[in-house]
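Trainee: Following this message is one structure expressed as structure tokens.
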Amino acid sequence: MNSEALQILIVEDQFLIAKQLEYIIVSCGHIHVGTAANRPTASALARSQQPDIALVDLSLADGPTGKDVADEIASVSNAKVLFLTANRRRIYDDFGGAIGVFEKPFTRAAISAVLSYLAWRLDGSESEPDEIEKPEGLDLSPAYARRWYPEVA
Amino acid sequence: MESADAWTLTEGLRLPRGQGDPLSAAIRSSPMPMVITDILQPDNPIIFANDAFLRMTGYSRDEVTGRNCRFLQGPDTDPRAVSEIRNAIAARRDIAIDILNYRRDGTTFWNALYLSPVRDVDGGVQYFFASQLDATERKQHELHAVDLQQDLERQVAVRTRELEEALRRTRLLMHEVDHRVKNNLQMISAMLMMQSMSIPDDRVKETLQEMLDRVDAMGLVHKRLYQADDIGEFDIAEFTCEIAANLVAATGRRDIDLVMETEAVMIRPNAAACVALVINEAITNALKHAFPIGQQGNLNVAVRPAGNLCEISIRDNGMGMPKELPQRSSFGRTLIETLIVQLKAKIEWLPGSPGTLVKISLPLTL
């Protein structure tokens, strides 16, 4: 694995999908800090575990609260949110403070690539590991696209 | 010879009741309602009204002579029309206008009024000449036409709203179905992955992994189908790039170089899943068998249009074909054969030098 292992929180109300994500995360050498199916749990876990990344489904057990969850996670931790949703259209252009969105269904290879990419991007050290290309299927929010690809904007 | 408008200048007009004047006789007996008013007198009174005017309005000559024409107006007369007439008279110019007037008995009629100044020798205006025409029927047609049009516009607006609402509901439904299909595909993928991890038998594990790859390939197709702006077409080239990259990445090997050469080729969406599964089998097969661990490899994948065909080639520089048909399993072979027949496509497994070249020719008019 390049870069450091990421501490990852899963926010997903489909338990099978959450379990699959957990397997993928661990098998890629990252650390799964917990899974939440609703907003209060997500908030509590974000506060107590202080993850690097939260993978957040847009529609959760308590309704389409994914966006609120993302805001709440951002307010109680430094975690960066990546939406992982089968309903890409629900985001339109309002990403809140999220990094972006990856649309379901995902494959192991795709999630692995996305996590390697984020690990590289979020690595604070300026040790210049090799640049990693943005994985296919990962859509950055306008804010992150500007931040990470200023030459395109 | 007198000029054509000599009558407007005639001294005779100063004699409004000149019995011997053929012109005034003509006006008197004309079937067209006419009046003459004298604007030099206070309040511009009628000094002459012909019989046709009296018939149209229901008044007697005595009742109208000496009065201003405004007695023809009533509560529903448009004040804007009245003020236009007033302005024309003040400016001493002619005017043609439709105005709602009232008869003596209170009934209304549309009056197509034409008003023109009558000038004397010095160019000054002493009289106004007015001809009227009962335009009720024409006006009703006009108003009816306006009503009809407004009614039509209202109906169109209502129908447009209904259609927009129906479209919105349809979109919502489509998104909902799309969302569920994607989640369900993800759940199938999750089950296969979890079961493959829990099984100790390597061959069963591998079989499940193969099935997982197929489900993932179909998931990718579905995702791309609904991401496109136009869901009527599916770019097989973009899909091939993505699945090839995914499959190479999934090997976890860094020593396999993937080179893509693709041009956009649009195929019909209902063929997308089948084509995707064939491509998935072919690439997976190359990755499984061409490059033993430790042997660096190149995988070239090309997609290009060729007339009515789409040509997809997958070339490896690996070990070459084994003696038997290069299929991962008998099911993999059955799968490819079945789909190729359905797609009316052709697949060839050719020896490369080194390695293997798989050529798929797909008719674009499926």
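Trainee: Is there a residue being of a type outside the set (V, I, T), away from every other protein chain (no Cβ under 13 Å) and within 22 Å of A:Q20 (Cβ to Cβ) anywhere in region B:168-185?
Mentor: No: region B:168-185 contains no residue that is of a type outside the set (V, I, T), away from every other protein chain (no Cβ under 13 Å) and within 22 Å of A:Q20 (Cβ to Cβ).
Trainee: Another one. Please determine whether any residue of region B:347-361 is on the phi < 0 side of the Ramachandran plot, under 43 Å from the mean Cα position of the chain (by Cα) and either open to solvent by less than 80 Å² (accessible area, probe 1.4 Å) or modelled with pLDDT under 95 (or both).
Mentor: Yes, that holds for at least one residue.
Trainee: Do you know which of the residues in region A:1-56 that are closer than 17 Å to B:M197 by Cβ and small (G, A, S) is surrounded by the most Cβ atoms within 10 Å (Cβ to Cβ)?
Mentor: Of everything passing the filter in region A:1-56, A:A18 is surrounded by the most Cβ atoms within 10 Å (Cβ to Cβ).
Trainee: So, one more: Would you kindly identify the strands (runs of 3 or more DSSP E) lying entirely within region B:22-124 that contain at least 1 residues that are surrounded by fewer than 13 Cβ atoms within 10 Å (Cβ to Cβ)?
Mentor: B:95-102
Trainee: Across region A:38-69, what is the total count of residues that are modelled with pLDDT under 90, within 11 Å of A:L9 (Cβ to Cβ) and touching a Gly at 6+ places or on another chain (Cβ under 8 Å)?
Mentor: The number of residues fulfilling the criteria is 0.
The values are calculated or read from the model by the stated rules, or taken from the named source; none is laboratory data. As the structure is a prediction and not an experimental result, all values here were calculated from the model. With ideal geometry, Cβ positions are generated from the backbone for all residues, glycine too; neighbour counts draw on all protein chains shown. Surface areas here come from the heavy atoms of the whole protein model, side chains and all, with no ligands, DNA or RNA. Shrake-Rupley method; radii C 1.70, N 1.55, O 1.52, S 1.80 Å.
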